[in-house]
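This report refers to the structure that appears directly beneath it.
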Amino acid sequence: MKTILTGNHAVAYAVKLSRVKVVSAYPITPQTTIVEKIAEMIAKGEMDAEFVNVESEHSALSVVYGSALAGLRSFTATSSHGLLYMYEMCWWVSNSRLPLVMAVVTRTIGPPWNIHTDHTDLMTLRDSGWIIAMAENAQEALDLTIQSFKISESLNLPFAVGLDAFVVSHTAEVVDVPDQETVDEFLPERKQAYRVDPNDVFAVGNIADNLETMRMRREMALDMEKAKGVIDEVGREFGEIFGRRYGLVEEYMVDDAEYIVVMTGAWSGDAKEAVDILRKRGIQIGLLKLRYIRPFPREVIERFDDRKILVVDRSFSMGHRGTLGIEVGNVVDCKNVVAGLCGVDVGFEDFKEMFERFVRGELGEVEWWI
Amino acid sequence: MDLRCVLLPGNPSCQGCPHAIGLKALSVLENPIVVVPAGCTTIIAGFNPKQSIDLPVVHVPFASAPAVACGLSKAYDNVVVWMGDGATDIGFSTLSGSAIRNDNILVVVSDNEAYMNTGIQMSGTTFWKAKTTTTPAGKREEKKDLALIMLMHRIPYVATASVGYMRDFVRKVKKASKIKGFKFIHLHSPCPPGWRFDSSKTVEVARMAVKSGAWILWEYDGSFRITGMSRMFRDKSKRIPLTEYLRVQGRFKGLTEEDVRTIEERIDEVWKLLDVLENTINKA
C-alpha cells in the first residue's frame, strides 16, 4: 500500500511488519518519533510487542540484549549522544554474536549542541562488528529495516540501519508499505546461534582463554566477510518479492563512467541530480552509493580502480581524512571532499559545482566544502 | 536448611569469601537465570568453557545488569541479578530505572563495602573512616543506605540480609521469588582481604555487625519490619560493644574513641529511622 510516511515512521512500520517482540529505547531527537510511533501501535493493539521505557540508551541496548538473548526479536533506536552513551553495550552485543536491530538516525555529536545530520556518530560503530547500512530515503529505511532482521539473524551479527536526521527521519515521502503476509513470506521466524535457557546450565560471556577469544574474533571477521554475499542474496530476494532490489551498493551510471563519485546516505539523491546534469553535458560521470559501510564493499570498489574517484564524506576522522575517504582510499586512489558536517546544507547545485571541479582536476587530496 | 551447592568445589574465590557463602541461597530458586556484572563473582564463576556456578549465568558489563535482566524477564521468570556495590554505584540509574518499571526480577547486591575485585577501592557503601586503597587515611564521606533508597522506589519487596545469617537470607530469597515485580535484597558481605580480618572469621564478623547493631536486618513486603536476630538488638543494652566489631577489622585501624562515638551516634540514627518506618509502614 502506498502511503505518505516520514523516514522514522517508515522504520516504525517496518519494525511492526517484522513482528518484533521487544522494543526498548530512550528518547533523543531526531530518533524519538520512531519509538513514539511504535509505542502508539503497541498501545492501540496494532502491534504485538512489549515496549520497555528505560532511563538511558545504555539500558535500552541492555534490555534488548537481554530479550534477544532469550530468543525474542528485538529492536532499539538512537542517535548521536545516545549511541555514544550505549557504546559499551554495542560491543557487548556484537561480541556476543547476538542478532538484533538498531536504527541510528545520524546526528552531529556536540559540543556545540546540534541536532542535524552528519555521519560521524554511525561511523563510530565501524570496528565493532555491527553490520552498518545507510538509507537514502524513507522507502529504503523501511526496506532495509525489514531486510536487517533477516540478515542479522542469518549471520548472528547485530545490524544498524542508518538514516539521516530530518532529511530522511522527518521528511514525509510516498512509501510503499508491504502487507504483513508478504513480509511473513520474506522474513521467517527468528533464529539465532544460541539462546539462554533456564533449563540449560551454561554461561554467556564468562572469562575465556586469550587464544579462544581471538579465535572468536576471527570467526566474526570471517562471518562479516560472508555477510557480503548474504546481503546481496537477501537484497535480491527482497527485490523478487517486493520489486525493489537491494545489495551492498547502488550503482548509478557507473558502467561507462570515467569519473565516479562515492558517497552514502540521503544526499546521494541530490548528487544523482548533479550527475544527470553533467551527463547531459556529455561528461561520463556516475555515482556509487554505499548502502553498506560494514561489511565494506571492497570488491565492488576494486572493480573501478581504472576510474577517477571522488569520495564525498559526511564524517571526518580527525588527524586523517574523511572517514569514507580513508575506507575507499584503502582500495583505490581517490580525492576526498568533506562536506555537510554538522548539518550544513549541501544541495544539488553544490554537487554540480563540486563534480565540475573534480572533473576539471581542481580538487586537492582533501577539500573541506565550506 | 536444604541448600544445594550451586557454587562448585574448586572455584577461584578467596578463602572466606562472603559471595561464596551467599550464592548458595540462589539454590532455593526454581530454574533461575543469574545475571552477573563485572565484579568478584565474574572471577568466582570460573573460566570458559568450564564454570563454577551450577546455574545458567549471563555475564554483562558493569552498569547494565538490571536492564539485561529486564530483557530476559520478557521470556523467563526467576531472573536474578547478583551484583556488588561497585556495579550498584556505576549502574545506579540502571538499577533505579529497573525498579521504577517494577521489572519482574530479583536483585541481590552482595555488598562488601568497597570495589574489591579491582583491589579494595572506596565505594558508595564504604563505611565512614574505613581505609581503602583510594582512601588510605580513611573514607571522609558517609556511606549511602542502599536498601532504604530502594525502599523509596515503592517496589513490592526490599530487604537487608547478612551472610552471617543464611537462614534469614534464604527465607527472604524464597519470599522474594514468590512476589511478582521488582525485588531487592541488600546482602551484607564482609570481605576478609578487603576489611583485613582473618579469612576464617567471615561469618563471625558478619554476625558481629548485626550483634553490634551496625547492620540491621529488615524487610518490607507491604509492611516494614525488623527481622531475625536484629529484633533483639532494638534493645541497645543487648548489643555487643561496637568497638568489638570495628576493632576486628584492619580497615578501621587507628579509629579514635571519638570516631567510634560518632559512628555509634549515626547507627543510633538509623535505628531511630527504622523504628519510625516499622511503626508507620505497617498494614497489620
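The values are calculated or read from the model by the stated rules, or taken from the named source; none is laboratory data. In this text the structure is predicted, and so the values were computed from the model without any measurement. So basically every Cβ, Gly included, is an ideal-geometry build from the backbone, and we count neighbours across all protein chains shown. Calculation scope for accessible area: heavy atoms of the full protein, side chains included, ligands and nucleic acids excluded. Shrake-Rupley method; radii C 1.70, N 1.55, O 1.52, S 1.80 Å.
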Among B:7, A:167, A:207, whose Cα sits farthest toward the positive end of the charge dipole of the protein assembly as shown (+1 at Cβ of Lys/Arg, -1 at Cβ of Asp/Glu, about the Cα centre)?
B:7
Between the range B:97-113 and the range A:126-191, how far is it from one alpha carbon centroid to the other, in angstrom?
35 Å
Over all Cα pairs of chain A, how is the pair count split among 10 Å bins, expressed in % and running from 0 up to the last occupied bin?
5, 25, 34, 24, 10, 2, 0
Rank A:245, A:307 by accessible area, highest first, at a 1.4 Å probe radius?
A:245, A:307
Could you report the range A:1-147's accessible area per residue, 1.4 Å probe, as an integer in Å²?
29 Å²
Cut-off under 28 Å on the C-alpha distance; same-chain residues fewer than 8 positions from residue B:236 excluded. Which lysines are left, in chain and number order?
B:129, B:131, B:139, B:143, B:144, B:172, B:201, B:211, B:253, B:272, B:283
Exposed-loop-free span, longest in chain A, where GluC sites (Glu not before Pro) count as exposed if DSSP calls them loop and at most 13 other C-beta atoms lie within 10 Å
A:47-188
What's the average, rounded to a whole number, of partner chain beta-carbon atoms within 10 Å of each residue's beta-carbon in A:206-214?
4
How compact is chain B by the rule of thumb for globular proteins, expressed as Cα Rg over 2.2 N^0.38 Å?
0.94
To the nearest 20 debye, what charge dipole does the range A:259-370 have about its Cα centre, counting +1 at the Cβ of each Lys and Arg and -1 at the Cβ of each Asp and Glu?
300 debye
For a bin width of 10 Å, list the pair-distance distribution of the range A:1-87 built from all Cα-Cα distances, rounded to whole %.
19, 51, 26, 3
Ranked by accessible surface with a 1.4 Å probe, highest first, in what order do A:85, A:252 come?
A:85, A:252
R0 of 30 Å, Cβ-Cβ distance residue A:281-residue A:2: FRET efficiency to nearest 0.05:
0.30
How much accessible area does residue A:267 have with a 1.4 Å probe, in Å² rounded to the nearest 10?
10 Å²
Excluding ligands and nucleic acids, what accessible area in Å² is computed for residue A:143 using a 1.4 Å probe, to the nearest 10?
0 Å²
In chain B, once you exclude exposed GluC sites (Glu not before Pro) (DSSP loop, at most 15 other Cβ within 10 angstrom), what's the longest stretch remaining?
B:143-284
Starting from the Kirkwood radius over alpha-carbon pairs of the protein assembly as shown, derive D by Stokes-Einstein at 25 °C in a medium of 0.890 mPa s and give it in µm² s⁻¹.
91 µm²/s
Counting Lys and Arg as +1 and Asp and Glu as -1, what is the net charge of the other residues whose Cβ lies under 10 Å from the Cβ of residue A:1?
-1
Trypsin sites (Lys or Arg not before Pro) in the range B:19-75 lying in a DSSP loop, each with at most 14 other Cβ atoms within 10 Å of its Cβ, come to B:50
Determine the shielding of peptide A:188-200 by partner chains: average, over its residues, the number of Cβ atoms on other chains within 10 angstrom of each Cβ.
3
If you roll a 1.4 Å probe over the heavy atoms of the protein chains, what accessible area per residue do you get for chain B, in Å²?
40 Å²
Explain nothing, just the number: dipole magnitude of the range A:2-242 about its Cα centre with +1 on each Lys and Arg Cβ and -1 on each Asp and Glu Cβ, in debye rounded to the nearest 20.
380 debye
Over the range A:284-370, what is the relative contact order in percent, taking alpha-carbon pairs closer than 8 angstrom and at least six residues apart?
26 percent
Two-decimal log10 I(q)/I(0) for the range B:18-148, as the Debye equation yields it once each C-alpha is a single scatterer, q = 0.19 Å⁻¹:
-1.07
Other chains' Cβ within 10 Å of B:73-83 residues: what's the mean?
4
Report the normalised scattering of the range A:220-370 as log10 I(q)/I(0) at q = 0.13 Å⁻¹, calculated by the Debye formula with identical scatterers on the alpha carbons.
-0.58
Residue by residue, what Karplus-based ³J(HN,Hα) values in Hz, rounded to whole numbers, does the range A:227-233 have, using 6.51, -1.76 and 1.60 with θ = phi - 60° and x for Gly and Pro?
4, 4, x, 5, 4, 5, 5
Roughly to the nearest percent, how much of the accessible area of chain B is carbon and sulfur, given a 1.4 Å probe?
54 percent
Per-residue counts of other Cβ atoms within 10 Å, averaged by peptide: what ranking do you get for B:192-202, B:13-23, highest first?
B:13-23, B:192-202
What lysines does residue A:191 reach when the alpha-carbon gap must be under 18 Å and sequence neighbours fewer than 8 apart in one chain are set aside?
A:16, A:21, A:150, A:226, B:74
Positive-end extreme of charge dipole, the protein assembly as shown - chosen from A:142, A:130, A:87 (charges on Cβ):
A:87
What does the buried accessible surface come to for A and B, summed over both chains, with the probe at 1.4 Å? Round to 100 Å².
2600 Å²
Those trypsin sites (Lys or Arg not before Pro) from the range B:223-284 that are DSSP loop and have at most 12 other Cβ neighbours within 10 Å turn out to be B:253, B:283
